[in-house]
1. Grab the strands (runs of 3 or more DSSP E) fully contained in region 1-80, keeping just those with 1 or more residues being aromatic (Phe, Trp, Tyr) and in contact (Cβ under 8 Å) with a residue 60 or more places away in the chain.
2. Pairs please, first residue from region 84-96 and over 13 Å from GLY21 (Cα atoms), second anywhere and assigned to a strand (DSSP E or B) and of a type in the set (Gly, Ala, Ser), Cβ atoms under 8 Å, 6+ apart in sequence or on different chains.
3. Among GLY105, GLY148, which is the only one that is in a loop (DSSP other than H, G, I, E, B), at pLDDT 90 or above and not charged (D, E, K, R)?
4. In region 108-143, which residues are modelled with pLDDT of 95 or more and of a type in the set (S, T, N, Q)?
Amino acid sequence: MATHLQVGDQAPDFAAPGADGQTIRLKDFRGKKLVMYFYPMDDTPGCTKQACSLRDANALIAARGAAILGVSAQGEDSHRKFVEKFNLNFPLLTDTDLAIAKAYGVAGSGLSGLVRGLAKMSERVTFIIDEDSHILHVISDPDCPDHGEEVLALL
């Protein structure tokens, strides 16, 4: 059974479009910490609470030298609407084929992975990546409404 990346692992490189169509790469964040969170779907109750919690904590997260990047399988149009509706202040990465989710081990495996793939949803997992692209912390079961505080406690 596949599992997600663990503390100390090298974060896999990626290049994919954000909500604005611009390509976002792991190397864009080199030299700073990255809070990279995978979430199942735009504009659903849990995902909205999680995104808004990170939005509200973003200034404090940035003050601690970290950037935030959300990743899900919805396309640019869905991400753009989600960003605009909730005034999100960080990029959302488009992973329509779940290639990034698979590289980070959050696409699921076995029957769960098949169902997630068909539904185009990743697991809800947050990785805090250090300045040299290694996994510093993993939050496997984020507390959606208080996720910003959870992240801040680890930075």
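1. Passing ranges, in order: 33-38.
2. As it stands, the answer is LEU88/GLY70; PHE90/ALA67; PHE90/GLY70, since those pairs meet every condition given.
3. GLY105
4. THR126, SER133
The values are calculated or read from the model by the stated rules, or taken from the named source; none is laboratory data. None of the values given here were measured: they were computed from a predicted structure. Neighbour counts are summed over all protein chains in view; Cβ atoms, including those assigned to glycine, are modelled from backbone coordinates with ideal geometry.
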